[in-house]
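Novice: Input: one structure, supplied below.
Bear in mind these aren't lab numbers, they're just calculated from the coordinates by the rules spelled out. As the structure is a computational prediction, the values presented were derived from the model and not from experiment.
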Amino acid sequence: MRIGYVTAAATVLALAGCDEKPVVGAPIAGGRLATAILRTPAGKDVGRATVREVAGGLRVTIDARFLPPGMHGAHLHTIGRCEGPDFASAGPHWNPTGMKHGAMNPQGPHAGDLPNLRVGADGRGTVGINLPGASFDALLDADGAAMVIHAATDDMTTDPSGNSGGRIACGVLVAG
């Protein structure tokens with residue numbers, strides 16, 4: 001009898017705790033969405049990125065096609081401009097907290113760091129991540145934001161861009 005009471009009490013406490021704090025990434029009613037069409041410097045459409053407002057932060061997803069196979073750095077950038085040929089107009093990585101680059105950097109990561117995008121032999125790749133504590137309004141501020149795909153693998157350590165090479169695709173995030 002005592003064991004049943006302890007188990008039931010623990011279950012009630014566990015369930016009560018679930019109601020207090022939503023899981024980061026859980027959909028929220030009225031959550032805002034921004035999308036970007038990813039284009040090469042020549043203007044070819046190579047995919048789409050989305051940023052969705054979710055419980056506790058943002059959900060970022062990239063769906064790419066027609067990219068070179070391999071691993072590619074992917075980052076949110078601070079300016080909503082994608083002028084070729086090098087997309088330098090997108091500015092640096094989004095870093096509202098002043099951290100260093102990379103999930104493996106002891107002084108990082110910054111908010112614009114995303115996992116590497118793995119592109120298969122068919123030129124397709126998808127990656128998604130939740131960014132806890134990230135704000136839709138901070139990302140899409142007065143000068144907007146962009147999603148950039150780099151030519152090489154992000155080493156997840158080296159500041160400021162993980163040695164991920166040139167920018168091969170860019171898309172301006174547009175709220176809608």
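Novice: Would you grab the residues whose amide H sits under 5 Å from the one on Leu58? Only those 5+ places off in sequence or on another chain, please, with H modelled 1.01 Å from N.
Specialist: Here the answer is Leu131, Gly133, Ala134, since their amide H atoms fall under 5 Å of that of Leu58.
Novice: Could I ask something else about it? If I stretch the segment between Ala55 and Asp141 completely, what's the gain in nm (0.36 nm per residue apart, minus their alpha carbon distance), one decimal? Before the final figure, lay out each step's value.
Specialist: Numbers: separation 86, 0.36 × 86 = 30.96 nm, distance 1.98 nm.
Between Ala55 and Asp141, full extension yields an extra 29.0 nm.
Novice: How long is the gain from Val174 to Arg124 if the chain were fully straight, where each residue apart is worth 0.36 nm and the alpha carbon distance is subtracted? Each step should come with its number before you reach the end.
Specialist: Details: separation 50, 0.36 × 50 = 18.00 nm, distance 2.28 nm.
Using 0.36 nm per residue and subtracting the Cα-Cα distance, I get 15.7 nm.
Novice: Please give the contour-minus-distance gain from Glu83 to Ala103: 0.36 nm per residue of separation, less the Cα-Cα distance, rounded to one decimal in nm. Before the final figure, lay out the partial values.
Specialist: Numbers: separation 20, 0.36 × 20 = 7.20 nm, distance 2.81 nm.
Extending this stretch completely gives an extra 4.4 nm.
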